[in-house]
Amino acid sequence: MQTLIKPTRLAPFEKMSRNNIKFKIFNYLTNQQAQPSYEEYISLNAALQTGDVPMDKVMQWVMTNPRQNRKLFETALYQGIDKLPQEEPVLTEFFNLVEKKPMWFDPVKIETAIQFTHRLGANGTYILRDLALMTGYQYPGFNQPLIATGALSKYAGKRLAETHKWWLDINKPNSFSRFNDGFTSTIYVRFIHSLVRYQLNKSKDWDREVWGEPINQYDQAMTNIAFSAVLLIGVRAIGIFPSKAESEAIMHFWKYAGWLMGIDDKWLVDKESEAWKWMQWLDFAHPKVDESSRVLAKGLSKEPFERQYKHFNTFLQKKAYQNHLDVTQLFIGPKKMKKLGLKPRTLAWYPFYLMAKNTVLYNGAKHIGVLDRYLQKHGRAEQEYSLELYQNAGKQLASMHQ
């Protein structure tokens, strides 16, 4: 077996390939091998040391004249490459790549996923916040760019608002049309990721031997899966059961969103079972909970106190704080709550309220058209209202649309 150059965060192949109880159960339930083959292990190692080649090429060009070239990039993004004062080959190459939909792109599935996401209402934001984010914070590899860029000290509400704004953009009807908000927001976020990667690779504070490439392919792929497979398992847990067509549509939607974000095809998945296989590798590609995990988790837990409700502000802040902790405890349990520096809840009742309410509403909507239309319209309004709670952040984030 060849000697690999790998980041020390990645466990040895021998450790990952052991068939422990967790893997045996997973293999039985999904009818696949969760342990990586040696070829898959090599691929994982490479992914941890690979960024976004097409956008990183653009970034190298941008940084030859940052002020001028960033403006040219933004002109190409928001207005089109034909609006540039002269042709820039690096921009032409990049936008020819991202403007052409992949052969597998299915617009019907995309719109089905958007409609399903709207119908989730605040349930979707609970899952993404209290399950996906809180779980992610347990893996310090995801947290390192925040630490190295100083973003760890940024208010949790600001970070949450930035992500939520992008999520709202991509879930608009026809969001991925060339000049619509979903497309431009995603490419803009991809640009910022590349900028962070460029800066960290030049920084003495980034330890590449430990962490690999900043915002690398595997970490991005797992983040993308948090928006898809993790969302689906989470909403089922609180009483919402997507149809087979809806679950397939969600996976397809995020496959394309991930492709547009710069994730390589090999790390994009069609099925939930594929996503969960790669999620099994997280324990071997990330160290355990550390101080960054606790800082982020505590910050997110207290984020409701940054919200600005129109009425009964203090009461609703405290209620939201308690409700979110209840949902977090449902998914990660009291022991992991303690590891993240969060106080376990004695009586975590709110998820059971959600289960009861959602079981009645969403089962009823399958048979009552008026109720289904209400969930569709009211759900999107709930999601947009969540951003309004961060008044200043919401105004600042409008800058991503020129």
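Under the condition of being of a type outside the set (A, V, I, L, M), in contact (Cβ under 8 Å) with a residue 12 or more places away in the chain and assigned to a loop (DSSP other than H, G, I, E, B), the residues counted in region 34-54 number 6. Only one entry in K271, K310, K288, K277 is under 20 Å from L133 (Cβ atoms) and modelled with pLDDT under 95, namely K288. All of R373, R345, R294 fail the test of being over 19 Å from V235 (Cβ atoms) and not in a helix (DSSP H, G or I), apart from R345. Let me spell it out: the conditions are (1) at pLDDT below 95; (2) under 15 Å from the mean Cα position of the chain (by Cα), and Q220 meets all of them except one. Which number is the exception? Of everything listed in (1) at pLDDT below 95; (2) under 15 Å from the mean Cα position of the chain (by Cα), Q220 misses just condition (1). For region 232-247, check the following and say yes or no: at least one residue is free of Cβ contacts under 8 Å to residues at least 12 places away in the same chain and more than 18 Å from L128 (Cβ to Cβ). So far as region 232-247 goes, yes, one or more of its residues are free of Cβ contacts under 8 Å to residues at least 12 places away in the same chain and more than 18 Å from L128 (Cβ to Cβ). Of all residues in region 322-342, those satisfying the criterion of being assigned to a helix (DSSP H, G or I) and of a type in the set (A, V, I, L, M, F, W, C) are L325, V327, L330, F331, I332, M337.
Do we find that A11 is of a type in the set (G, A, S), out of contact with any Gly (no Cβ under 6 Å at 6 or more places or on another chain) and either without any contact (Cβ under 8 Å) to a residue 40 or more places away in the chain or within 20 Å of V196 (Cα to Cα) (or both) in this structure? Criteria not met by A11. What are the residues in region 309-326 that are of a type in the set (S, T, Y) and without any contact (Cβ under 8 Å) to a residue 60 or more places away in the chain, if any? Residues satisfying the conditions are T314, Y321. Selection of region 63-92 for residues being touching a residue at least 60 places away in the same chain (Cβ under 8 Å) and under 29 Å from K202 (Cβ atoms) yields M63, F73, E74, L77, Y78. Scanning region 138-160 turns up at least one residue that is of a type outside the set (S, T, Y), in a loop (DSSP other than H, G, I, E, B) and surrounded by fewer than 20 Cβ atoms within 10 Å (Cβ to Cβ).
When restricted to residues that are in a helix (DSSP H, G or I) and open to solvent by less than 20 Å² (accessible area, probe 1.4 Å), region 237-260 contains 11. If only residues of region 93-137 that are open to solvent by less than 30 Å² (accessible area, probe 1.4 Å) and without any contact (Cβ under 8 Å) to a residue 60 or more places away in the chain are counted, the one that is nearest to Q376 (Cα to Cα) is F95.
Taking the numbered list (1) within 26 Å of N171 (Cβ to Cβ); (2) among the polar types (S, T, N, Q); (3) surrounded by 18 or more Cβ atoms within 10 Å (Cβ to Cβ); (4) at pLDDT 95 or above in turn, S386 passes all entries but (4). Among the residues of region 320-358, those identified as within 14 Å of Y126 (Cβ to Cβ), open to solvent by 60 Å² or more (accessible area, probe 1.4 Å) and out of contact with any Phe, Trp or Tyr (no Cβ under 8 Å at 6 or more places or on another chain) are L330, F352, Y353, K357.
Once region 283-299 is narrowed to residues that are open to solvent by 10 Å² or more (accessible area, probe 1.4 Å) and of a type in the set (A, V, I, L, M, F, W, C), the residue that is nearest to G182 (Cα to Cα) is V295.
The one condition from (1) within 26 Å of the chain's Cα centre (by Cα); (2) open to solvent by 40 Å² or more (accessible area, probe 1.4 Å); (3) farther than 28 Å from R197 by Cα; (4) of a type outside the set (K, R) that Q35 does not meet is (2).
The values are calculated or read from the model by the stated rules, or taken from the named source; none is laboratory data. Computed from a predicted model, the values in this text were never measured in an experiment. Methodologically, a virtual Cβ is constructed for each residue, glycine included, from the backbone with ideal geometry; neighbour enumeration extends over all protein chains shown. Only protein heavy atoms, including side chains, enter the accessible area calculation; ligands, DNA and RNA are left aside. Shrake-Rupley method; radii C 1.70, N 1.55, O 1.52, S 1.80 Å.
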